[in-house]
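Report on the structure given below.
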């Protein structure tokens, strides 16, 4: 059974080049392999360790070759026995997760070596030497190298400094991890573990995914596991939320509207992005008398917002109680998170989009976000924001922090052609007015205040036939974004409620004469 949190076949088929997180070996080479496992365990750049694929050859450019050379069946047991003995030579002892995979009918051994809890690790220079010399190894791009001089000193300084997201949380229990959430993640990323996930216990599955650890008699969930696979992570990490605030009169005005998003990290991020996209993004179309093609611009390009918000989720500190805040006005959209970027990044490089951090605050969070295709990692976020804003014809974004690096703000100015005194949701409301039927009007009025069950809305409207209510009232309102579910990921839940969206509220405000008939 596969023990990997990734789909190896998909990974290889993407022709992933050897890099900081993956290395291919055509056969069993104990010296080179144990050094690379040691390097991944040291996780010098806090990238989440990496993978060694044994039985997979690659070309001169580092890309995997198909079909792989593979391993004979009689080699598999011997390699596993040798690995057990060889990994005991790492100091302190470190054992990667081993999985036997099959690609195009060829057997491969894959070693998953996540960043270790007890770094720094050192491995013998030559496993078979009578007199062994132990060295510290790290990854540099696609190579395993010995840590020397200042690099060695920096690695030694990381002793016992396990990033917060990879630490055990001793105020929580294994049962605080949600097995359905873990299974859903494995299915979404296409992990071979998904098919067998229903069988093992929560603890066994969590250990396989490296979101739990500790001794058998006293297992603990890791912080990253609670952030992604617990329904209410704010119980353990106060401030884990995204606040989206709309200022219709500008940041200095008296009025504002706030929407708070909580829940598992990936879901919270996606729901906040979806909410912003539905309610605050507008496209302006300019027609030209001298050519057929019209110019289309967005007030804020979605891809830039996505990068800015995911960047905040990735790099914020989860030890601080301040939420991520998205502040939206007619003139700009600002994403604020705490604290600011690492001090190794110069302010001028940050503003120019040249900032490259040497240390990632949340290596495991980044690992999960990358698997979910929410981020690419490797400091590509800010350059992408610059590129997307430029392609939209928008003014350049602004990246701001303070000298003490207490906070970080990414400001996205609105496109000049999209600015105005009308709210984006007001403009969208005008676009959907012709589609709002009398049935939907009545439903909006019935849902004007608070959250309501389906049966309560039916009762208010005096309707007894549920299929008719769903078809003529509820589904059209949901499709137009006027009504939303409180539990969109569980549409059939008994706890499901329905409420007006910001767009629905705007529609009612602009049509005060529409009442229940």
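The values are calculated or read from the model by the stated rules, or taken from the named source; none is laboratory data. No experiment lies behind these values; they were computed from the predicted model shown. Note that we place each Cβ from the backbone using ideal geometry, even for glycine, and neighbour counts take in every protein chain shown.
A few points about this structure:
Each row is one residue, and each column tells you yes or no for (1) closer than 26 Å to residue 265 by Cβ; (2) within 28 Å of the chain's Cα centre (by Cα); (3) modelled with pLDDT of 85 or more.
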| site | (1), (2), (3) |
| --- | --- |
| 400 | yes, yes, yes |
| 408 | yes, yes, yes |
| 413 | no, yes, yes |
| 427 | no, no, no |
| 432 | no, no, no |
| 448 | no, no, yes |
| 454 | no, no, yes |
| 484 | yes, yes, yes |
| 509 | no, no, no |
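- Some residue of segment 192-206 being in contact (Cβ under 8 Å) with a residue 40 or more places away in the chain, surrounded by 13 or more Cβ atoms within 10 Å (Cβ to Cβ) and under 29 Å from residue 487 (Cβ atoms): yes
- Positions within segment 94-149 being modelled with pLDDT of 90 or more, under 30 Å from residue 365 (Cα atoms) and in a loop (DSSP other than H, G, I, E, B), in sequence order: 94, 95, 96, 120, 121, 147, 148
- Residue ID - surrounded by the most Cβ atoms within 10 Å (Cβ to Cβ), chosen from residues in segment 248-267 that are touching a helix residue (DSSP H, G or I) at 6+ places or on another chain (Cβ under 8 Å) and either at pLDDT 90 or above or assigned by TED's automatic domain parsing to the domain that holds residue 477 (or both): 265
- For segment 159-199, residues that are under 19 Å from residue 366 (Cα atoms), out of contact with any helix residue (DSSP H, G or I) (no Cβ under 6 Å at 6 or more places or on another chain) and in a loop (DSSP other than H, G, I, E, B) total 3.
- The residues of segment 95-134 that are touching a residue at least 40 places away in the same chain (Cβ under 8 Å) and more than 32 Å from the chain's Cα centre (by Cα), listed by number, are 106, 123, 124, 125, 126, 127, 128, 132, 134.
- Within segment 43-79, the set of residues being in a strand (DSSP E or B) and free of Cβ contacts under 8 Å to residues at least 40 places away in the same chain is empty.
- Scanning segment 159-181 for residues that are within 16 Å of the chain's Cα centre (by Cα) and farther than 21 Å from residue 98 by Cβ yields 165, 181.
- Which numbered condition residue 70 fails, given (1) modelled with pLDDT of 95 or more; (2) farther than 20 Å from residue 51 by Cα: (2)
- Condition met for residue 363 (buried (at least 19 other Cβ atoms within 10 Å of the Cβ) and at pLDDT below 90): yes
- Of all residues making up segment 489-504, the number that are surrounded by fewer than 19 Cβ atoms within 10 Å (Cβ to Cβ) and under 20 Å from residue 257 (Cβ atoms): 2
- Consider segment 5-27 and keep the residues that are part of a loop (DSSP other than H, G, I, E, B) and over 12 Å from residue 50 (Cβ atoms). The one that is modelled with the lowest pLDDT is 15.
- All positions within segment 469-486 that are over 17 Å from residue 278 (Cα atoms) and loosely packed, with under 13 Cβ neighbours inside 10 Å: 471
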